[in-house]
Amino acid sequence: MTEKRKSIHGSWSGRLAFVLAATGSAVGLGNIWKFPYIAGENGGGAFVLVYLACIAVIGIPIMMAEVMLGRRGRQSPINTMRSLAKEAGANPAWRWLGWAGVLAGFLILSYYSVIAGWALAYVFRAAAGTFTGATAEGIASIFEQLTGDPERLLAWHTLFMVMTMIVVARGVRSGLEQAVRFLVPALFVLLILLDGYALASGAFDEGLAFLFTPDFSKISANGVLIAMGHAFFTLSLGMGAIMVYGSYLPERASIARTSITIAFLDTLVALMAGMAIFPIVFVNGLEPGAGPGLIFQTLPIAFGHMPGGALFGTLFFVLLVFAAWTSAISLIEPAVAWLVENRGMTRIYASVYAGIATWAFGLLTVLSFNTWADFKPLYFIEIFEHYTIFDLLDYLTANIMLPLGGLFIALFSVWVMRRNDSVQELDMGDSSAYGLWYVLVRYVTPIAVLLVFLNVTGLIELSGLSGQTE
Ligand code: PFF
């Protein structure tokens, strides 16, 4: 057995702080903005069921693997992978898995911050009563005015990046931990409030039926794979965010119990968001499959016509900003930890450094919605024909980088790391629970992830799977 390492960055004050931080990372735009619209586009209930199955079978085991590697390595994902590879007598090239994660986090945050900027902008619009009494066209033009103006998008993106850098610069205990201690519980309170509103809206049953009555004729094989891919994104897996949070986890906390709690809370938020959103969609005769604009272009219509809508609208977008904020800090943390470890920077410098680079790269996304909206860099490849730079970044990270990262994390944990080490780190003994984890990570998750990956890259075509072609 090797000597226990200590993180130079400090550690969480306890298991609860880690649960809050990891839940804050997992719960984000993915749950509140993305989950409802992809569930809406892919037929509702059946999609939700497949997504839940993927969280349980792929998400939880890979999360356990990621937390385990982080806690054993106790460094940034790059150095953790290097140390653990050395410990297992494996090729030091495994550190590239850490680098791929840093790159994925950088790319995701560059566009995530721009979308979070929309949410920030909407907090002020909702509070100012801009949506009150507005028509669908009026709401659409508010959205277009925002996204069509690069200067405004830039301003909100800048503000969001500054907010992110401030929290990250303050460090593990006084920055990250303090932030999530307040933000995560606030998020739940706001969601309960919104669900209460939805319950009274008159279409709660319809919303519930849409989300929870599976109709398998409505989901394609591709929908199954979208559900699987979303499990990675929503649980922040495959890029080292959960690994670096795991590296600050105290020795005693049970990784299995903790991972299940986080996955449960993340799923709860997605379902609570869905339960708040769909009744509002139905009672106002809106379209569940409206796409990425679902929240920004249709919810304000509802907020504009409900009693107390300015207040509820403001609360809703505040909630979205909170959720995005606690995810953003985890997207940049692997890079910041590495800069501190290998470049000898203070956290403040490292945060500013990484933040400015991410902010600058975000300009590509800012311009994708206006000046460069017609610029389709890969127009000569059929599936990317209509993709803007933003679309390409989203596709590259969510559909390729995260599943690939998760695949290699799974492979490392059970094929490279010694079994004794994972038995010891997971602290479940050589029990049947451990055996289940081992089999899932060794066989089930890599095969499932490989299918997602091959399908999204078009190398195989699985659309015959559910008997429905697209
Ligand atoms: N899980 C976040 C969400 O659902 O919005 C997004 C995310 C955060 C993805 C951190 C990946 C990550 F490492």
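The values are calculated or read from the model by the stated rules, or taken from the named source; none is laboratory data. Fair warning: this is a prediction, and the values are worked out from it, not measured in the lab. All Cβ positions, even for glycine, are placed from backbone atoms using ideal geometry, and neighbour counts span all protein chains on display.
Points to keep in mind about this one:
- Listed conditions (1) within 30 Å of V449 (Cα to Cα); (2) part of a helix (DSSP H, G or I) are all met by V366, apart from (1).
- Residue count for segment 361-378, restricted to those that are of a type in the set (S, T, Y) and touching a residue at least 40 places away in the same chain (Cβ under 8 Å): 2.
- Within segment 210-226, one or more residues are aliphatic (A, V, I, L, M) and closer than 30 Å to A335 by Cα.
- Residue check, R74 away from the ligand (no atom under 16 Å from the Cβ), among the basic types (K, R) and at pLDDT below 95: yes
- Scanning segment 8-49 for residues being hydroxyl-bearing (S, T, Y) and part of a loop (DSSP other than H, G, I, E, B) gives a total of 2.
- Condition check for L52: in a helix (DSSP H, G or I), surrounded by fewer than 23 Cβ atoms within 10 Å (Cβ to Cβ) and within 18 Å of the chain's Cα centre (by Cα): yes
- Every pair of residues 6+ apart whose Cβ atoms lie under 7 Å, when the first sits in segment 271-292 and is over 13 Å from F316 (Cβ atoms) while the second is of a type in the set (D, E) and part of a helix (DSSP H, G or I): M275/D195; P279/E206; F282/E206; G289/E41; G291/E41
- Flag for A21 being among the aliphatic types (A, V, I, L, M) and under 14 Å from the mean Cα position of the chain (by Cα): yes
- Only one of the numbered conditions (1) modelled with pLDDT under 95; (2) in a helix (DSSP H, G or I); (3) surrounded by fewer than 23 Cβ atoms within 10 Å (Cβ to Cβ); (4) not small (G, A, S) is violated by F264, and that is (1).
- Filtering segment 1-53 to residues that are closer than 24 Å to V180 by Cβ, of a type outside the set (G, A, S) and within 16 Å of the ligand (Cβ to nearest atom) leaves F18, V19, L20, T23, V27, L29, N31, I32, W33, K34, F35, P36.
- In the set (1) under 19 Å from V50 (Cα atoms); (2) modelled with pLDDT of 85 or more, G464 fails one condition alone, (2).
- Checklist (1) surrounded by 24 or more Cβ atoms within 10 Å (Cβ to Cβ); (2) of a type outside the set (A, V, I, L, M); (3) more than 23 Å from the chain's Cα centre (by Cα); (4) modelled with pLDDT of 90 or more applied to R343, failing item: (1)
- Segments classed as helices (runs of 4 or more DSSP H), wholly inside segment 192-246, with at least 2 members that are near the ligand (Cβ under 10 Å from one of its atoms) and within 13 Å of the chain's Cα centre (by Cα): 221-234, 241-246
- Which listed residue, of L97, L109, L120, is touching a helix residue (DSSP H, G or I) at 6+ places or on another chain (Cβ under 6 Å) and over 20 Å from L393 (Cα atoms): L120
- Looking at T346, T358, T371, just one residue is out of contact with any strand residue (DSSP E or B) (no Cβ under 7 Å at 6 or more places or on another chain) and either charged (D, E, K, R) or over 23 Å from A328 (Cα atoms) (or both), and that residue is T371.
- Just one residue in the set F204, F210, F182 is of a type in the set (F, W, Y) and buried (at least 23 other Cβ atoms within 10 Å of the Cβ); that residue is F210.
- Subset tally (residues that are in a helix (DSSP H, G or I) and surrounded by fewer than 19 Cβ atoms within 10 Å (Cβ to Cβ)) for segment 147-162: 8
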